[in-house]
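First up is the structure itself, then whatever we jot down about it.
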Amino acid sequence: MYAICGFAALGGILFGFDISSMSGALGTPAYKNYFGNPSGTRQGGITASMPAGSLVGALSSSFLADRLSRRNAVQIAALIWIVGAILQAASNGVALLCVGRLIGGYAIGICSAIVPVYQAEIAPKEIRGRVVSLQQWVCHYSIKAELKLIPHRRSPGVF
């Protein structure tokens with residue numbers, strides 16, 4: 001049961017990794033050169049596109065889960081996240097990067113809203129609280145791992 005719920009908690013890793021990965025890239029010379037040293041407003045748009053997608057994904061997740069089931073909604077969100085990751089990796093400009101982050105954020109919003117509910121449904125009542133809290137723990141731990149344990153990705157002055 002823990003393995004099944006742990007696998008479901010992978011949505012938390014997506015959430016935490018996507019939140020923290022951008023902050024690791026912002027100050028790097030390669031990022032600045034490739035995207036033309038984006039101004040504050042443009043950089044704000046790039047950064048905010050992921051949480052904007054997350055908002056839409058979280059708001060629409062219940063409709064998707066009710067229509068297709070929670071398990072299928074999480075699987076579909078994983079596929080959507082892969083599309084967003086491919087677009088981000090293939091981005092040749094700010095517009096495609098924002099679209100990729102928006103699509104990835106949409107998937108993250110779905111997972112962040114559906115996974116805890118799915119975990120609560122499949123877990124026995126004796127361990128339900130531990131299993132559901134695993135999602136939040138994984139999310140925060142993935143942020144910590146990205147920001148603290150990989151110091152070569154951080155730039156001076158970037159948390």
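Laboratory data are not the source of any read-out in this text; all were calculated from the coordinates shown. Just so it is clear, the model here is predicted, and its values are computed rather than measured.
Key figures
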item	result
Over the range 2-153, relative contact order from alpha-carbon pairs under 8 Å, at least 6 apart, %	39 percent
Computed lengthening from residue 60 to residue 75, 0.36 nm per intervening residue step minus Cα-Cα distance	3.9 nm
Mean projected area (nm²) of the alpha-carbon convex hull when the range 2-153 is viewed from all directions	9.1 nm²
